[in-house]
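In what follows, a structure is listed as structure tokens, so that the remarks can point back to it.
A short reminder: the numbers here are calculations on the coordinates, not readings from a lab. Here the structure is a predicted model, which is why all the values come from computation and not from measurement. Don't worry about glycine lacking a Cβ; one is built from the backbone with ideal geometry, like all the others, and counts go over all protein chains shown.
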Amino acid sequence: MPIFATIVVLAAAAVMVALGVWQLQRLEQKEALLARYAAAEGIAAPVAFPIRGDGERDWFRRSSLDCLRVLGVQPTAGRSASARSGWAQRASCEVKGASAPVAIDLGWTREPAAAEWSGGEVTGVIAPGPRLVASEPPVAGLEPLARPDPSGIPNNHLAYAGQWFFFALTALVIYWLALRRRRPSA
């Protein structure tokens with residue numbers, strides 16, 4: 001039996017199993033995070049918009065922003081509150097205290113033409129990005145957008161764990177077959 005090759009294959013399989021276990025741990029963390037996001041939807045008290053950092057802990061909470069200056073408005077694919085496909089009008093805004101522009105989804109429209117909006121106070125829900133999704137009410141004469149939904153965040157960690165365990169098993173089986181093939185027949 002080749003010692004070096006055996007050590008390499010066993011080490012690789014051990015690393016793959018460790019990665020599978022790590023993905024199972026991440027699964028528990030992601031489930032807790034998604035549960036926190038689902039609970040955040042029911043909290044009425046608003047939070048400050050996370051203008052510094054990603055603010056992941058505040059996603060799906062109510063917040064407000066004052067857009068001092070609109071840097072541009074771009075249409076992006078979106079759904080209305082009544083589940084119709086169309087265009088979310090996303091403004092890039094200058095906000096006090098922010099070193100970079102902040103994204104605000106103003107509302108929904110059937111047509112992709114950019115909405116006319118000069119800025120101001122917007123209240124809504126913090127979505128991943130982070131960006132503020134205007135909801136109370138939408139601005140610039142637009143229809144309401146669908147509320148950001150935490151169930152849309154993928155949780156693939158169980159599948160990834162299964163993949164790593166399968167890779168480890170495959171490496172061991174292939175190595176075992178290679179050893180059998182090398183063995184001289186009696």
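Using Cα-only point scatterers and the Debye equation, what is log10 of I(q)/I(0) for the range 45-146 at each q in 0.17 Å⁻¹, rounded to two decimals?
One equal scatterer on each Cα of the range 45-146 leads to -0.67.
Based on alpha-carbon centroids, what's the gap between the range 115-172 and the range 74-99 in Å, whole number please?
For the range 115-172 versus the range 74-99, the Cα centre distance is 12 Å.
Along the range 9-21, what does the Karplus equation 6.51 cos²θ - 1.76 cosθ + 1.60 (θ = phi - 60°) give for ³J(HN,Hα), rounded to whole Hz, x for Gly and Pro?
For the range 9-21, the Karplus-derived couplings read 5, 5, 5, 5, 5, 5, 5, 5, 5, 4, 5, x, 5 Hz, x marking Gly and Pro.
Determine, for E94, E28, the number of other Cβ atoms within 10 Å of each Cβ, and report the residues in order from fewest to most. Don't jump to the answer; show the numbers that get you there.
Details: E94 14, E28 10.
Ascending number of Cβ neighbours within 10 Å: E28, E94.
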